[in-house]
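Below: one structure, written as structure tokens.
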Amino acid sequence: MTVTHPGSAPFEPSAIELERRAYRRARGQRSILVSIASTLVFAAVIAVVLVNSPGWSRVSDTFFDLEVAVASFPRVIEGLWLNIQVLFVAAVGVAVLGTLLAIARTLKGPVFTPIRLIAAGYTDIFRGIPVLLVLYLVGFGIPGLELTGRMPAQFWGTIALILSYSAYVAEVLRAGIDAVHPSQRLAARSLGLSHGKTLRLVVMPQAVRKVTPALMNDFVSMQKDVGLISVLGAVDAVRAAQIEVASSYNFTPYVLAGVLFVLLSWPFIRLTDWMTARAQKREQVGGTV
């Protein structure tokens, strides 16, 4: 918006400024064209190498059979819907448990030492154990105790994902909480806010904003690892693809499942990149040389 004073002419950029803008615009267009051309050339070279390789015909028939992909699509997409359901429930559980762990690790005072130690031990253990082992331990170990009735495999898979990823999210949130300047807490307490309200209204909003790109990356990783629930017997996209491979003796269903997982995660990957670039641009305002 152009601000003008009464009786003065509206602001107009000088000829030099207009020339600079035109130069930047031309450089930007040139960069886009060069990027497109280089990408097309690289893709063409890769395609030529693959197609002319000695075993390409056998690989294309085994992994890229269109008829097999069409035939297995209904079953694989039905399994993918189970993955989406598990992902949604696990994301909510991770958000709640991860936040509680992060807050527990940032509690001050000697009286909270046991809570801090328990939270630290939890994050150390579950960040050290591979997700696949957690799935085995939870999915086959807890049902063996016979504490509950028979539960579906996706239930235990969701619990295992929550336990594993809450440790990662807790550490990311803790870093965001520690990155908030202490003056923010002091100012909030001087205004009469309690410790809980200070954390909820002042500290946590700033902490989440600082670590949003890292949290989005963890979410994208969980989108990928949600396919591991197939090891417990859940008929998700991966297990459905495995069943189709066993019946057709063709690996195309695996490729189809992989493509569907990529399509599922691609919007969040692009959103993560956009949010990261925006955060960097916001932090570097006025500092670019």
If Ile77 satisfies every condition in (1) loosely packed, with under 10 Cβ neighbours inside 10 Å; (2) modelled with pLDDT of 90 or more; (3) not hydroxyl-bearing (Ser, Thr, Tyr) but one, which is the exception?
(1)
Given (1) more than 26 Å from Glu244 (Cα to Cα); (2) touching a helix residue (DSSP H, G or I) at 6+ places or on another chain (Cβ under 6 Å); (3) crowded, with 16+ Cβ neighbours inside 10 Å, Val86 misses just (1)
Residue count for the range 184-211, restricted to those that are more than 29 Å from Asp273 (Cα to Cα) and in contact (Cβ under 8 Å) with a residue 24 or more places away in the chain
0
Test for Val86: is it of a type in the set (A, V, I, L, M) and at pLDDT 90 or above:
yes
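This table checks each residue for (1) in contact (Cβ under 8 Å) with a residue 24 or more places away in the chain; (2) within 23 Å of Ala237 (Cα to Cα).
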| residue | (1), (2) |
| --- | --- |
| Val96 | no, no |
| Leu101 | yes, no |
| Val134 | yes, yes |
| Ser166 | yes, no |
For the range 143-176, which residues satisfy the criterion of being under 22 Å from Arg116 (Cα atoms) and not small (Gly, Ala, Ser)?
Ile162, Leu163, Tyr165, Tyr168, Val169, Glu171, Val172, Leu173, Arg174
Gln184 passes all but one of (1) more than 20 Å from Leu101 (Cα to Cα); (2) exposed (fewer than 12 other Cβ atoms within 10 Å of the Cβ); (3) not small (Gly, Ala, Ser); which number fails?
(2)
Residue identified as among the aliphatic types (A, V, I, L, M) and surrounded by 12 or more Cβ atoms within 10 Å (Cβ to Cβ) among Val111, Val138:
Val138
Name every residue in the range 130-177 that is in contact with a helix residue (DSSP H, G or I) (Cβ under 8 Å, 6 or more places away or on another chain) and of a type in the set (S, T, N, Q), in order of residue number.
Gln154, Thr158, Ser164, Ser166
Given the criteria outside the structural domain of Ser230 (by TED's automatic domain parsing) and under 27 Å from the mean Cα position of the chain (by Cα), does Thr62 qualify?
no
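The values are calculated or read from the model by the stated rules, or taken from the named source; none is laboratory data. As the structure is a prediction and not an experimental result, all values here were calculated from the model. Ideal geometry is used to build each Cβ from the backbone, glycine not excepted, and the neighbour counts take in all protein chains shown.
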